[in-house]
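Please read the structure below before turning to the comments.
The values are calculated or read from the model by the stated rules, or taken from the named source; none is laboratory data. Given the structure is predicted, the values throughout are model-derived calculations rather than measurements. Please note: Cβ atoms are built from the backbone with ideal geometry, for glycine as well, and neighbour counts cover all protein chains shown.
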């Protein structure tokens, strides 16, 4: 069921399960990894908090190793993992991610790709704004290509492979 959420308070959007991982991470640098993970779920019961944090650590084991470290000393890839992990704690249903691959090492990007695949299998909807074509093709099911502010393509991977002109003009490659 579609609903317009424009104008809603951010806490209402959050309780409906809509999460965002924006460029720049927006992590609290002076808090530990674990404190950052707990921010959005502080009002939950302790048993739920423990379960959600452990789920985040299962998805990103490096965060479990860093749980007591201040976020300010994490690498860019670890910050991205923390931002994603924090976003999916609690009743998350829709995850919006803006350029999650930006500046990441291939190994970190692979880990994030694996995690997004697991989240999709668990029923989460992921909307990805991404310029990394290979990451997008591995992650996505349906694609929109925007050129000069207009939607120039909407379709599946299979439909995109047929449109060589779109690939070359807007993606700079042929698949």
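Quick grid of which residues meet (1) under 18 Å from residue 14 (Cα atoms); (2) modelled with pLDDT under 95:
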| position | (1), (2) |
| --- | --- |
| 43 | yes, yes |
| 46 | no, yes |
| 49 | yes, yes |
| 65 | no, no |
| 72 | no, no |
| 99 | no, yes |
| 107 | no, yes |
*How many residues does the stretch 80-118 hold that are in contact (Cβ under 8 Å) with a residue 40 or more places away in the chain and not in a loop (DSSP other than H, G, I, E, B)?*
16
_Quick check on the stretch 28-43. Is at least one of its residues in contact with a strand residue (DSSP E or B) (Cβ under 6 Å, 6 or more places away or on another chain), surrounded by 12 or more Cβ atoms within 10 Å (Cβ to Cβ) and part of a loop (DSSP other than H, G, I, E, B)?_
no
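Is it the case that residue 67 is more than 18 Å from the chain's Cα centre (by Cα) and part of a loop (DSSP other than H, G, I, E, B)?
Values: more than 18 Å from the chain's Cα centre (by Cα): yes; part of a loop (DSSP other than H, G, I, E, B): yes.
Considered against the rule, which asks whether it is more than 18 Å from the chain's Cα centre (by Cα) and part of a loop (DSSP other than H, G, I, E, B), residue 67 comes out as yes.
Condition check ((1) surrounded by 13 or more Cβ atoms within 10 Å (Cβ to Cβ); (2) out of contact with any strand residue (DSSP E or B) (no Cβ under 7 Å at 6 or more places or on another chain); (3) under 24 Å from residue 42 (Cα atoms); (4) at pLDDT 90 or above) across all residues:
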{"position": "87", "(1), (2), (3), (4)": "yes, no, yes, yes"}
{"position": "91", "(1), (2), (3), (4)": "yes, yes, yes, no"}
{"position": "132", "(1), (2), (3), (4)": "yes, yes, no, no"}
{"position": "170", "(1), (2), (3), (4)": "yes, no, no, no"}
